[in-house]
Amino acid sequence: MSVKAKAAAAPEVGAIPENFKAKAHIDAATYEKMYAASISDPEAFWGEHGKRLDWIKPYSKVKDTSFEPGNISIKWFEDGTLNVAANCVDRHLKKRGNQTAIIFEPDDIHEPAQYITYRQLHNQVSKLANVLEQLGIRKGDRVVIYLPMIPEAAYAMLACARIGAVHSIVFAGFSPDALAARVNGCDAKLVITADYAPRGGRKTPLKSNTDAALLHCIHDPKVLMVRRTREQTTWVEGRDFDYGEMMLEASDVQHPIEINAEDPLFILYTSGSTGHPKGVVHSTGGYLVYAAMTHQYTFDYHDGDVFWCTADVGWVTGHSYIVYGPLANGATTVMFEGVPTYPDPGRFWEVCEKHKVNQFYTAPTAIRALMGQGDEWVEKHDLSSLKLLGSVGEPINPEAWNWYNEKVGKGKCPIVDTWWQTETGGHLITPLPGAISTKPGSATKPFFGVQPVILDPQSGLEIDSVEAEGVLCLKDSWPGQMRGVWDDHGRFEQAYFSDYKGYYFSGDGCRRDADGYYWITGRVDDVINVSGHRMGTAEVESALVAHAKVAEAAVVGYPHPVKGQGIYCYVTLMNDVEPTQELYQELRQWVRHEIGPIASPDLIQWAPGLPKTRSGKIMRRILRKIAENDYGSLGDTSTLADPSVVEDLIENRMNKG
Ligand code: ATP
Ligand code: MG
């Protein structure tokens with residue numbers, strides 16, 4: 001059946017809601033037309049769409065990119081100049097000076113929310129840019145930001161951008177060691193931090209973590225500290241500076257400096273799901289064009305909407321869709337300091353109701369966690385303001401998709417399942433909600449200018465047929481693409497351009513269905529080969545999670561004497577469910593029934609918790625080691641959220657022998 005025929009058969013799940021279609025920026029015909037134009041003449045397409053920004057010196061060259069081995073080079077708008085902060089703040093003052101730019105929702109429900117207008121944002125960013133200059137920061141210098149999810153984090157990003165300093169944000173949940181590695185990695189001149197980071201009712205001592213980290217830093221960065229609480233901290237005279245005091249004295253007049261489109265805007269490390277994190281470098285011009293355009297079209301953002309992305313600014317999602325994309329579009333963006341389950345599992349929905357959120361964007365890990373807490377938490381709140389829901393970070397299993405659709409979206413909000421990476425700067429494969437009907441678990445179709453291809457993993461050749469399965473690569477560049485790995489051009493080429501020559505290799509496996517829809521099947525490393533059948537672990541995980549007693553599941557391969565690889569499943573049960581031998585057999589039968597006998601689990605280990613990155617992604621590489629009985633080399637565990645989970649899993653594996 002064709003996509004159009006499916007969409008017309010409303011009220012089918014995934015059909016574009018009628019009321020949405022009429023108002024959307026991009027309808028189906030426009031998508032087809034614009035997509036074709038973006039591929040046939042990228043110069044003309046992006047030359048036009050680059051104009052959504054204000055340029056100081058307009059570009060004359062649009063695209064100069066090469067994926068050829070030995071000559072990897074990515075340049076967009078290369079002779080243009082602009083300032084990112086001027087685009088995100090100053091240019092909105094005339095029309096939206098009094099509009100709220102940032103809604104800040106604190107961790108503590110008793111603390112009032114803050115509504116920061118574009119004028120106030122301008123004032124704060126200008127002052128902070130002056131403070132940075134007073135501290136000796138100049139264009140090209142690196143500044144590490146290690147802050148809670150407070151407005152000062154956005155001010156710091158934009159103040160850096162204003163003077164051309166390169167920021168590198170370190171998630172506030174990271175340890176002193178991880179912080180030290182990142183400060184050293186980019187040779188930062190300054191660390192902007194806070195005394196404490198309140199989160200989920202607890203306080204992380206950011207300042208003392210910073211003190212500990214700086215003991216291991218080669219150079220001596222200065223420290224600028226925001227006071228988030230009234231608590232005492234240590235103080236190193238001459239090195240530490242008080243944010244509040246300096247801001248009080250600072251002038252609010254600051255002229256944004258002229259920056260080349262190709263100058264770096266920020267460095268950000270990947271999540272570390274598959275190995276040692278990579279220090280991804282993003283550009284000024286291309287990145288902002290892409291972040292802004294995807295924000296507007298993927299979320300179908302309209303003037304006056306309230307947009308909430310629940311990510312942390314420590315991840316790329318927070319960079320592109322809390323700060324840069326929304327603010328470049330003159331949007332109202334929500335910054336939430338807390339966690340989904342504090343003070344109770346209704347917090348997300350309470351915040352949606354309170355701020356009348358229109359677009360809500362979160363991760364499958366959060367959706368699954370909240371789904372496990374029962375529907376009453378959602379049902380308690382008025383979610384009628386919601387127009388669209390988004391998902392990012394991992395494949396969303398249909399079970400979670402359906403819950404999100406029915407319980408949160410009440411069946412009337414399109415769900416945009418956005419596939420992208422730290423490296424890509426913005427969405428690459430995602431439904432445009434007014435144009436593309438959705439299917440639970442599919443990221444659907446490419447964004448403008450994006451040319452996904454599926455390669456045969458062995459031959460490296462493109463599979464031309466519509467229906468295909470293999471590794472997901474990109475054939476050509478898009479403006480938001482990373483420009484390099486910080487200080488390591490070799491790794492850039494090696495990690496992304498060496499496995500499949502002439503392509504950008506995403507590291508993800510993918511299937512394309514008969515309608516041309518893309519389905520991410522997980523990391524290529526996670527594909528298992530059972531008796532000659534290649535299988536994405538995501539499929540088995542989805543089947544397990546679809547069982548009413550299963551809350552979460554992670555599946556890996558392990559050496560099997562007969563099948564080559566066996567299927568090893570780690571299963572977290574719902575809160576009140578006891579693991580029994582009967583349930584063990586029931587789950588095996590269930591997967592056989594859902595997928596087929598080939599997918600039948602060989603081993604199931606009950607897992608009270610799964611090892612996850614700090615951004616909530618399952619670290620299957622660790623689970624693979626445990627399944628293989630190889631505990632000696634678990635690899636880089638610095639981005640692991642809770643190391644005790646791993647110890648527990650190893651212990652139980654060992655008991656099994
Ligand atoms: P590392 O690169 O260090 O191993 P990481 O890949 O987890 O870590 P990110 O850049 O945060 O770091 O995540 C990008 C990856 O997340 C993608 O390559 C993909 O595997 C997964 N992902 C993101 N969004 C989706 C989605 N909508 N559907 C399926 N997978 C997704
Ligand atoms: Mg990755």
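Couple of notes before you dig in:
- Pair list, Cβ < 7 Å and 6+ apart or interchain, from segment 503-514 residues that are within 14 Å of ligand 2 (Cβ to nearest atom) to residues that are in a loop (DSSP other than H, G, I, E, B): Y504/F67; F505/D499; S506/Q421; G507/T274; G509/V527; G509/G536
- If you go through segment 270-317 and pick out every residue that is of a type in the set (S, T, N, Q) and either without any contact (Cβ under 8 Å) to a residue 12 or more places away in the chain or away from ligand 2 (no atom under 16 Å from the Cβ) (or both), you end up with 6.
- Listed conditions (1) touching a Lys or Arg at 6+ places or on another chain (Cβ under 7 Å); (2) of a type in the set (S, T, N, Q); (3) surrounded by fewer than 24 Cβ atoms within 10 Å (Cβ to Cβ) are all met by S283, apart from (3).
- Breaking point among (1) assigned to a loop (DSSP other than H, G, I, E, B); (2) among the small types (G, A, S); (3) within 26 Å of H276 (Cα to Cα), for S251: (3)
- Single residue of segment 371-419 satisfying the filter (assigned to a helix (DSSP H, G or I) and within 19 Å of the chain's Cα centre (by Cα)) that is farthest from S437 (Cα to Cα): A400
- Test: residue in segment 23-36 that is surrounded by fewer than 18 Cβ atoms within 10 Å (Cβ to Cβ), closer than 30 Å to L128 by Cβ and hydrophobic (A, V, I, L, M, F, W, C): no
- Filtered residue count, segment 37-64, keeping only those that are within 26 Å of F497 (Cβ to Cβ) and either buried (at least 19 other Cβ atoms within 10 Å of the Cβ) or among the hydrophobic types (A, V, I, L, M, F, W, C) (or both): 10
- Residue within segment 448-461 that is farther than 19 Å from S320 by Cβ, in contact (Cβ under 8 Å) with a residue 24 or more places away in the chain, of a type in the set (D, E) and more than 12 Å from ligand 1 (Cβ to nearest atom) present: no
- Qualifying residues in segment 289-311 (those that are in contact with a Gly (Cβ under 8 Å, 6 or more places away or on another chain) and either aliphatic (A, V, I, L, M) or farther than 23 Å from S385 by Cα (or both)) - the one surrounded by the fewest Cβ atoms within 10 Å (Cβ to Cβ): A311
- When E469, E423 are checked against the criterion of being touching a residue at least 40 places away in the same chain (Cβ under 8 Å), in a helix (DSSP H, G or I) and of a type in the set (D, E), a single residue qualifies: E423.
- No other residue among A113, A129 is surrounded by fewer than 19 Cβ atoms within 10 Å (Cβ to Cβ) and either aromatic (F, W, Y) or farther than 18 Å from V313 by Cα (or both) apart from A113.
- Residues of segment 212-269 that turn out to be touching a residue at least 60 places away in the same chain (Cβ under 8 Å) and among the acidic types (D, E), as a count: 4
- Selected residue (criterion: nearest to ligand 1 (Cβ to nearest atom)) from residues of segment 531-559 that are over 24 Å from the mean Cα position of the chain (by Cα) and without any contact (Cβ under 8 Å) to a residue 40 or more places away in the chain: V550
- Yes/no for T274 being more than 14 Å from ligand 1 (Cβ to nearest atom) and not in a helix (DSSP H, G or I): no
- Each residue in segment 494-530 was checked for being within 14 Å of ligand 1 (Cβ to nearest atom), at pLDDT 95 or above and on the phi > 0 side of the Ramachandran plot, and 1 pass.
- So K625, is it without any contact (Cβ under 8 Å) to a residue 24 or more places away in the chain and within 16 Å of ligand 1 (Cβ to nearest atom): yes
- Residue match in segment 329-348 (condition: buried (at least 22 other Cβ atoms within 10 Å of the Cβ), within 16 Å of ligand 2 (Cβ to nearest atom) and over 18 Å from Q99 (Cα atoms)): no
- Residues of segment 316-360 that are among the small types (G, A, S) and within 20 Å of A291 (Cα to Cα): G318, S320, G325, A328, G330, A331.
- E552 among the acidic types (D, E), more than 21 Å from T270 (Cβ to Cβ), assigned to a strand (DSSP E or B) and away from ligand 2 (no atom under 16 Å from the Cβ): yes
Yes/no per residue for (1) surrounded by fewer than 22 Cβ atoms within 10 Å (Cβ to Cβ); (2) at pLDDT 95 or above:
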{"site": "T438", "(1), (2)": "no, yes"}
{"site": "P457", "(1), (2)": "yes, no"}
{"site": "E462", "(1), (2)": "yes, yes"}
{"site": "Q481", "(1), (2)": "no, yes"}
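- The numbered conditions (1) exposed (fewer than 15 other Cβ atoms within 10 Å of the Cβ); (2) in contact with a Lys or Arg (Cβ under 8 Å, 6 or more places away or on another chain); (3) among the polar types (S, T, N, Q); (4) not in a loop (DSSP other than H, G, I, E, B) are all true for Q605 except (1).
- Scope segment 625-655; condition within 16 Å of ligand 2 (Cβ to nearest atom) and in contact with a strand residue (DSSP E or B) (Cβ under 6 Å, 6 or more places away or on another chain); matching residues: T639
- Every residue from segment 565-589 that is buried (at least 18 other Cβ atoms within 10 Å of the Cβ), more than 32 Å from the chain's Cα centre (by Cα) and of a type in the set (F, W, Y): none
- Of the residues making up segment 263-288, those that are within 23 Å of S38 (Cβ to Cβ) and touching a Gly at 6+ places or on another chain (Cβ under 7 Å) number 4.
- Verdict on V378 being closer than 18 Å to H302 by Cβ, in contact with a helix residue (DSSP H, G or I) (Cβ under 8 Å, 6 or more places away or on another chain) and among the β-branched types (V, I, T): no
Here is a yes/no grid of residues against (1) within 27 Å of N123 (Cβ to Cβ); (2) basic (K, R); (3) at pLDDT 95 or above:
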{"site": "V223", "(1), (2), (3)": "yes, no, yes"}
{"site": "R227", "(1), (2), (3)": "yes, yes, yes"}
{"site": "V236", "(1), (2), (3)": "no, no, yes"}
{"site": "V280", "(1), (2), (3)": "no, no, yes"}
{"site": "H295", "(1), (2), (3)": "yes, no, yes"}
{"site": "D305", "(1), (2), (3)": "yes, no, yes"}
{"site": "A311", "(1), (2), (3)": "yes, no, yes"}
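The values are calculated or read from the model by the stated rules, or taken from the named source; none is laboratory data. Computed from a predicted model, the values in this text were never measured in an experiment. Positions of Cβ are backbone-derived with ideal geometry, glycine not excepted, and every protein chain shown enters the neighbour counts.
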